[in-house]
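The structure under discussion appears below in the form of structure tokens.
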Amino acid sequence: MKILLSKLEKLSPGTAEHLAVLTDVMDHLRPHNDSEEHTDLPMLEKAIGAEESEKAAKSFSRTKMFAPTRSVSSFVAVFAIFYSRLFDPVPILMLLINRPSKHWLVS
């Protein structure tokens, strides 16, 4: 994926090669996105309830402000990755599966 994204960044939008690489990227990401949307997130919402789910959605929206949309300095990238991992739903989901109490998450 890193190679595809690096290649995509160097290409001019609108060219046939750009479209081909972009299609490859989307074909790779679509199954992961669909799995999270249709399997992981519904399980998470069921485990934490609608109110906590709404809080997590708002927190995720704030986190997106820090996510880089293009190449940035390594410090900024490391900070963005660290910050986004604080609110990554997959580890939270795994914790909930192993510890099903709804009240473990402190607001």
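What follows is calculated from the coordinates using simple rules that are stated; it is not laboratory data. Note that the coordinates shown come from a computational prediction; the quantities given were computed from them, not determined experimentally. All Cβ positions, even for glycine, are placed from backbone atoms using ideal geometry, and neighbour counts span all protein chains on display.
Give me the extension gain from His18 to Ile3: residue separation times 0.36 nm, minus the current Cα-Cα distance, reported in nm with one decimal.
Here the segment from His18 to Ile3 would lengthen by 4.0 nm.
What ranking of Lys64, Lys2 emerges when the number of other C-beta atoms within 10 Å of each C-beta is taken as an exposure proxy, fewest first?
Lys2, Lys64
Among Leu11, Leu19, rank each residue by its count of other Cβ atoms within 10 Å, from fewest to most, as a rough exposure measure.
Lowest to highest Cβ neighbour count: Leu19, Leu11.
Fewest to most neighbouring Cβ within 10 Å: what's the order for Ile48, Ile3?
By the 10 Å Cβ count, ascending, the order reads Ile3, Ile48.
Please give every one of the lysines within straight-line cross-link reach of Lys2, meaning a C-alpha to C-alpha distance under 18 Å, and leave out same-chain neighbours fewer than 8 residues apart.
In chain and number order, the partners are Lys10.
Determine the gain in length on full extension of the stretch Leu11-Arg62; use 0.36 nm per residue of separation and subtract their C-alpha separation, reporting nm with one decimal.
Full-extension gain reported as 15.3 nm.
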